[in-house]
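Comments concern the structure below.
The values are calculated or read from the model by the stated rules, or taken from the named source; none is laboratory data. Computed from a predicted model, the values in this text were never measured in an experiment. All Cβ positions, glycine included, derive from the backbone under ideal geometry; neighbour counts span all protein chains shown. Side chains included, ligands, DNA and RNA excluded: accessible areas come from the protein's heavy atoms. Shrake-Rupley method; radii C 1.70, N 1.55, O 1.52, S 1.80 Å.
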Amino acid sequence: MLRHLTYKIKSTGPITVAEYMKEVLTNPAKGYYVYRDMLGEKGDFITSPEISQIFGELLGIWFISEWMATGKPAAFQLVELGPGRGTLAGDILRVFSQLGSVLKNCDISIHLVEVSQKLSEIQALTLTDEKIPLEQSAGSPVYMKGVTKSGIPISWYRDLQDVPKAYSFYLAHEFFDVLPVHKFQKTPQGWREVFVDIDPQVSDKLRFVLAPCATPAEAFIQHDETRDHVEVCPDAGVIIQELSQRIALTGGAALIADYGHDGTKTDTFRGFCGHKLHDVLIAPGTADLTADVDFSYLRRMAQEKVASLGPIKQQTFLKNMGIDVRLKVLLDKSDEPSSRQQLLQGYDMLMNPKKMGERFNFFALLPHQRLRGRSHQRNDRQSKPSPSPVAGFSELAWK
């Protein structure tokens, strides 16, 4: 990967941080995400669903709660962007099965957006019924199809745009933080983009340099920006616009959970290898590269087509979703000291402010009418029914 990047820089000049991230993570020949299973104990990072089943169960409850609040439509699609190993989707599907009596007449289908061949194979092993063979068609927008263990149709796509437009719940957990970012530094001459170049002193070493003049991606910076260093992610903007259009058109909701901030942080670009921080320019392709999600930018990119809620801290969202009640139920059911310990450790990892509790945020996109409440009465004197609160973003009332 380093050799590939140095050839590229020698032939076309320094590259943007966005192009560097894109090459390192998703290059078809040597990209970090294309050929390795980077999750879990042996990989470079562990995600919330890998830590505790409760996480996915509560997200499953969130989708069902939103489905009920919008009048229990006859069908919905669950669309996950970047599903990892399929652990999260598996936990959500288990909740759908357990609440089968609630969902009994609803036609559910699963749609996974995944660019990595390796990860799509792992997802299929996690989620599908091995007795029913998978249909594969490499050239088609739907490159794989199958049936989940609970009998629900499941399809794989490389691009969100290929997923059918219908009433859907979209889920993006630790998806936006690996999309390529452009980095900018404020200088006396105005904003200058940060590029990756070869170090003139050491031929096989990379370094950051500033562009000598303005570059096209500068258009993404707000005119009233007060920070002196900014990361912008055009790809995230494109995806948010696509999600917003879909939700405004066909209903549903998007739930986004990620590291992030509300337009306050500056330099968050970092690497992880073997669960430790790793210099982003050393041994490219061997470490995960990530940048915190700027939720203020996501909100702006929704362009008021839909309503947005959050970001709120993971700790608050999960507490509102009833994590304490769920933990107690699982602890009461568990006889093994080792599994009780695992539950408590998982809870601590998810909720502890010093661990994931405050580092992760939840953010949702919903149709405007979901928050306004629909009035079925024509008589203006009668008050509008107030919409039911959105779970997670306000405290759940336990009935």
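The table for this structure:
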{"read-out": "Exposure of Ile61 as accessible area (Å², to 10), given a probe of 1.4 Å and all protein chains", "value": "60"}
{"read-out": "Heavy-atom accessible area ranking, 1.4 Å probe, most first, across Ser388, Ser203", "value": "Ser203, Ser388"}
{"read-out": "Quotient of C-alpha Rg and 2.2 N^0.38 Å, computed over the range 139-281", "value": "1.35"}
{"read-out": "Under 15 Å, Cβ to Cβ, from Leu5 - net charge with Lys/Arg +1 and Asp/Glu -1", "value": "+1"}
{"read-out": "HN-Hα J in Hz across the range 185-200 - Karplus 6.51, -1.76, 1.60, θ = phi - 60°, x for Gly and Pro", "value": "10, 7, 10, x, 8, x, 5, 10, 7, 7, 10, 9, 9, 7, 5, x"}
{"read-out": "Theoretical ellipticity at 222 nm over the chain - DSSP helices of four or more residues, -39500 (n - 2.57) apiece, nearest 500", "value": "-10000 deg cm²/dmol"}
{"read-out": "Ser338-Ser101 FRET efficiency (beta carbon distance; Förster radius 35 Å; 0.05 resolution)", "value": "0.60"}
{"read-out": "Cβ-derived FRET efficiency at R0 22 Å, Thr26 paired with Asp199, nearest 0.05", "value": "0.35"}
{"read-out": "Bins of 5 Å from zero: percent of alpha-carbon pairs in the range 86-209", "value": "2, 8, 15, 16, 14, 10, 7, 7, 7, 6, 5, 2, 1, 0"}
{"read-out": "Residue order for Ile154, Ile198 - accessible surface, 1.4 angstrom probe, largest first", "value": "Ile198, Ile154"}
{"read-out": "Hz values of 3J(HN,Hα) by residue in the range 170-179 - Karplus curve (6.51, -1.76, 1.60), Gly and Pro given as x", "value": "9, 10, 9, 10, 6, 10, 5, 6, 9, 6"}
{"read-out": "Whichever lysines have a C-alpha closer than 28 Å to that of Lys276, once near sequence neighbours (fewer than 8 apart) are set aside", "value": "Lys22, Lys30, Lys42, Lys118, Lys183, Lys205, Lys265, Lys313, Lys354, Lys355"}
{"read-out": "Rounded to 10°, Cα long-axis angle of helix 337-351 versus longest principal axis of the chain", "value": "70"}
{"read-out": "Acute angle (nearest 10 degrees) that the helix 2-12 long axis makes with the longest principal axis of the chain, alpha-carbon atoms", "value": "70"}
{"read-out": "Kirkwood Rh, angstrom, the range 102-150 [1 / mean 1/r, Cα pairs]", "value": "12.0"}
{"read-out": "Helix 87-98 vs. the chain, principal-axis angle (Cα, 0 to 90°, nearest 10)", "value": "10"}
{"read-out": "Calculated Rg and Dmax of the range 239-321 using C-alpha coordinates, Å", "value": "15.9, 45"}
{"read-out": "Sequence of Asp288, Asp262 when ordered by accessible area, the most exposed leading, probe 1.4 angstrom", "value": "Asp262, Asp288"}
{"read-out": "For the chain, radius of gyration divided by Kirkwood radius, i.e. Rg to Rh on alpha-carbons", "value": "0.98"}
{"read-out": "Simple spin-label estimate for Glu242 and Asn352 in nanometres, 7 Å along Cα-Cβ", "value": "3.7"}
{"read-out": "Sequence-distant aspartates and glutamates (8 or more away, or on other chains) whose Cα lies within less than 15 Å of Lys333", "value": "Asp324"}
{"read-out": "In Å², nearest 10: area of Ser150 left accessible to a 1.4 Å probe", "value": "60"}
{"read-out": "Percent RCO, i.e. relative contact order, over the chain, from Cα pairs under 8 Å lying at least 6 residues apart", "value": "18"}
{"read-out": "Contact order normalised by residue count of the range 51-111, Cα under 8 Å, 6+ apart, percent", "value": "50"}
